[in-house]
1. Could you please report the charge total around B:Val167, scoring K, R as +1 and D, E as -1 over all other residues with beta-carbon less than 9 angstrom from its beta-carbon?
2. Express the Stokes-Einstein translational diffusion coefficient of chain A in µm² s⁻¹, to the nearest whole number, given a Kirkwood radius over alpha-carbon pairs, 37 °C and a viscosity of 0.692 mPa s.
3. Between the alpha-carbon centers of region B:58-101 and region B:184-231, tell me the distance in whole angstrom.
4. If Lys and Arg each add +1 and Asp and Glu each add -1, what is the summed charge of the other residues whose beta carbon sits under 12 Å from the beta carbon of B:Lys18?
5. Hey, how many Å between the Cα centroid of region B:121-172 and the Cα centroid of region A:88-107?
6. Going by alpha carbons, how many degrees (0 to 90, nearest 10) lie between the helix axis of B:110-120 and the longest principal axis of chain B?
7. If amide hydrogens are placed 1.01 Å from N in the peptide plane, which non-local residues have theirs closer than 5 Å to the one on B:Val80?
8. Treating the beta-carbon of each Lys and Arg as +1 and of each Asp and Glu as -1, no other charges, what is the dipole magnitude of chain A about its Cα centre, to the nearest 20 debye?
Amino acid sequence: MLVDIQNLRVSFATRTGTFEAVRGVSFQIGTEKLGIVGESGSGKSLTARALMRLLPQNARITADRLSFDGVDILKADERAMRGLRGKRAGFILQDPKYSLNPVMTIGRQVAESWRQHKGGSRKEALEAAVDLLDQVRIRDPRRVCDLYPHEVSGGMGQRVMIAMMLAPDPALLIADEPTSALDATVQAEILRLMEDLVSKRGMGLILISHDLPLVSHFCDRVAVMYSGRVMEELSAGTLAQAKHPYTKGLLNCLPSLTHPKPRLPVLSRDAAWLQS
Amino acid sequence: MIEVEQLRVRFGDNEVVKGVSLNVPAGGSFGIVGESGSGKSTVLRALSGLNGAWTGRIAIDGESVGPRRDKAFFRKVQMVFQDPYGSLHPRQTIDRILSEPLLVHGMDNIERRIETVLAEVALPNAVRFRYPHQLSGGQRQRVAIARALIAEPEVLLLDEPTSALDVSVQAEILNLLADLRERRNLTYILVSHNLAVVSHLCPTVGVMLGGQMVEVISAEDLRAGKTQHPHTSELRALSVDLEEPA
């Protein structure tokens, strides 16, 4: 099992007491694709970040079990964590505009991430970078190598991010809203590319998003989170038969091109959902 | 209400909008869809007076307007932006944000107007003396809509008003926009890359590609797949494909 999470809790100390953002999340991932879906504030990003221990200083993580690739995340020292981050698990964030270095050419950035984990000469690294850019289907990778991030489009920037994350051959890819900053056509392209690369390389994927139908196209399983808990976990193919009112609500409140509704149903929340 | 003829916008040597024409009747609502870089937001910015470097003809309410607009125009036409985090002043209270358009236009009864408009966008009165960072994304977008409404405009220009929001909040905002249009007989132009959102709110949709409006289609024809231009068919196919759960 690549990822094993049992009863994960993340809490923050505030002036008025402790706030529990993640309240007892459990799941396991092998070499498969898991989608985590929920509204903002549902704790989906924190769950993924807790796995890499990339949380703010004041966050407190507890869990019955939190392991990645056989390493106990709760007990590992910083050195061991550095060996995991990037190398064993790649992290793709929402907006390439903010996650790429604006004053470094794309080729050098990809080469740097390759060299950091694999060693080798500068020249080898640059060749590897060209190859990686080619793998994420950038046409004319040599030309793109010499460009700066502001000179490429959002979709291209996100491809570059994916290329950087793939450089050390990680076992798991965590994508936190990788396409929310992109428009619909590019969105589908990027998700298809990610799905394809993950399947081809036999990696695991955690795809975090707020778009439930979209995620179901690119994942094997979907976990629906609300207010720090997993409300329902179901296989992507059976989304239409979802049982939980929250999942149904999320699906219903989307406007639809083919099934027009005069008025969109608004999600009504039930306090009983949070009593386990 | 809104007439645009042969609108062209150029940034340096790069022509971004290449002769776009559109017509929206009073109380109507027109949607513009297209990929990023197709020039859809640029059309909106030229219409709103945020960008003066355009040629062609723009008329609001039968009156041609130039690159520079008068005060009456800015009262008549208001805009709501994509990012509710970036479009509100972080150091002004909601009360201050909402009273600014009233002060600019010399309108009276500030107290009453703010209370009414907050009720209209379904925000509690307690929000009035909070700062934007104390509100959620959906509440902030409601404040942005309230700010646009408070000067009693006739036209609302909406630039991706829901793309930064959760789907559950998006539903609430879209319902709110539909109600407001009915109640105040507003005219909308909505720009979005989401075909489902646009066709939900707008009976007529214009499709932009490379600075040109390649097709103007009714939402019903779009739903039924009676598209003329290959780009429209492409956008529709993708939208239909991704909207159904797998």
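1. -3
2. Taking Rh from Cα pairs, D becomes 166 µm²/s.
3. Here the answer is 24 Å between Cα centres.
4. +1
5. 31 Å
6. Here the helix axis deviates by roughly 50 degrees.
7. Residues meeting the criterion, in which the H sits 1.01 Å from N, are B:Leu157, B:Leu158, B:Asp159.
8. That gives chain A a dipole magnitude of about 400 debye.
The values are calculated or read from the model by the stated rules, or taken from the named source; none is laboratory data. As the structure is a prediction and not an experimental result, all values here were calculated from the model. Here Cβ is always computed from backbone atoms with ideal geometry, including for glycine, and neighbour counts include all displayed protein chains. Ligands, DNA and RNA are excluded from the accessible area calculation, which covers all protein heavy atoms including side chains. Shrake-Rupley method; radii C 1.70, N 1.55, O 1.52, S 1.80 Å.
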